[in-house]
Amino acid sequence: MEKPKPVQTRLTEMFKMDYPIIGAPMFLVSNKDMVIASCEAGGMGTFPAHNFRPIENYRKVIQDIKSQTQGPFGINIIVQKSNPSQEKQLEIAIEEEVPLLITSLGSPKSVIEKTRGTKTKVFCDVVGLTHAKKVEDLGADGLVIVGSGAGGHGGETSLFALIPYLKKHVSLPLVAAGCMNDGKSLAAALALGADGIYMGTRIIASKEAEVLDDYKKAIVDAGPEDIVNTDRVDGFPGNFIKTKNLEKMLKPNLVDNVLSQNKRVKRAVSMLRAGRALFGPQGQKLSYKNTFSAGHGVGNIEEVLSIREIFFQTVVEYRQILQNLPN
Ligand SMILES: Cc1cc2nc3c(=O)[nH]c(=O)nc-3n(C[C@H](O)[C@H](O)[C@H](O)COP(=O)(O)O)c2cc1C
């Protein structure tokens with residue numbers, strides 16, 4: 001497929017990229033090839049810092065990416081106590097002049113302060129106006145708006161409501177996250193006021209993703225009715241494909257019955273589960289390895305493609321949509 005013409009927005013201007021499409025950071029999924037392919041396809045690739053441990057591997061992957069693509073890339077840093085390596089992850093990212101850091105799950109204050117005056121920009125995950133205004137005041141460079149129905153830990157509000165609402169109250173560039181799979185969703189997100197989209201679930205069903213074939217097949221086969229929201233995997237409500245394995249896990253057990261009686265204990269156990277799932281030893285019983293996280297957009301994903309094909313088809317379809325809208 002021929003390379004489509006660039007689509008310009010505030011996001012593409014900020015990072016000198018051709019298309020306002022970011023391959024989203026995904027725990028245990030984002031790998032070096034996905035990041036490089038996203039950059040080489042005219043968008044941006046990202047990965048969660050916690051995918052590369054110990055810290056030497058993290059620095060090595062940054063250097064490898066820099067040596068294999070000119071395109072801008074980003075790293076997600078979890079800015080919450082459960083991440084013991086956040087200081088080091090930040091320090092290395094600044095030293096290596098990583099173009100974008102995306103903060104999630106906590107306060108981005110220290111990340112914003114330490115990157116000030118460097119080549120690294122900071123976007124923050126937000127799910128509503130209060131946090132969006134707070135991070136704008138702290139000096140963030142942009143927002144990733146995580147809507148309901150997104151893969152991983154989605155927000156609670158529909159992007160149809162959230163994008164125009166935040167656009168009205170915040171002046172930062174906005175990236176829409178949740179069910180952004182194709183030209184239709186790119187057109188909708190830009191029409192609502194976003195400056196770009198985050199593609200998560202769509203690029204799990206890509207040739208570059210090194211997940212189980214069963215995971216890719218489950219995404220291709222599933223519809224929105226097959227997605228369940230549960231906090232049983234890692235302590236926070238997240239969206240997962242209803243596989244046999246997940247159904248087994250969802251059967252109520254004694255611990256959950258006790259937890260449901262007491263909110264504070266429930267919160268403490270949730271934090272513990274999150275810390276173990278993200279930063280604990282690999283290969284434990286409940287993990288993203290044996291459960292398949294995916295967003296409500298699965299119904300619009302029909303085949304496994306390369307990331308280049310996904311991005312190019314998205315841009316071609318976006319242009320067709322603009323031409324064919326009812327007048
Ligand atoms: C398997 C999986 C793992 C994820 N891990 C992370 C993560 O480590 N950090 C993060 O900021 N977001 C994470 N997310 C959320 C994505 O970055 C993105 O917001 C989301 O996938 C967008 O929704 P979509 O899947 O409908 O495209 C994850 C999503 C999935 C599906």
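Some values worked out for this structure:
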quantity: Any hit, the range 5-19, residues being within 14 Å of the ligand (Cβ to nearest atom), of a type in the set (A, V, I, L, M), within 25 Å of VAL79 (Cα to Cα) and at pLDDT 95 or above; calculated: no
quantity: Test: residue in the range 235-245 that is assigned to a helix (DSSP H, G or I), crowded, with 16+ Cβ neighbours inside 10 Å and away from the ligand (no atom under 11 Å from the Cβ); calculated: no
quantity: Residue count for the range 226-245, restricted to those that are touching an Asp or Glu at 6+ places or on another chain (Cβ under 8 Å) and either farther than 17 Å from ILE204 by Cα or of a type in the set (A, V, I, L, M) (or both); calculated: 3
quantity: Meets criteria (under 22 Å from ALA188 (Cβ atoms) and not in a helix (DSSP H, G or I)) for GLY71; calculated: no
quantity: Neighbours by Cβ (under 6 Å, 6+ apart or cross-chain): first from the range 310-327, closer than 13 Å to LYS5 by Cβ; second of a type in the set (A, V, I, L, M, F, W, C) and loosely packed, with under 15 Cβ neighbours inside 10 Å; calculated: PHE312/MET1
quantity: Check on ILE55, closer than 28 Å to ASN290 by Cα and more than 15 Å from the ligand (Cβ to nearest atom); calculated: yes
quantity: Residues (within 16 Å of the ligand (Cβ to nearest atom) and either among the β-branched types (Val, Ile, Thr) or within 14 Å of VAL98 (Cα to Cα) (or both)) located in the range 26-52; calculated: VAL29, VAL35, MET44, GLY45, THR46, PHE47, PRO48, ALA49
quantity: Verdict on ARG116 being within 15 Å of the ligand (Cβ to nearest atom) and surrounded by fewer than 15 Cβ atoms within 10 Å (Cβ to Cβ); calculated: no
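The values are calculated or read from the model by the stated rules, or taken from the named source; none is laboratory data. These figures come from a predicted structure and were not determined experimentally. For neighbour counting, all protein chains shown are included, and Cβ atoms are generated from backbone atoms with ideal geometry for every residue, glycine included.
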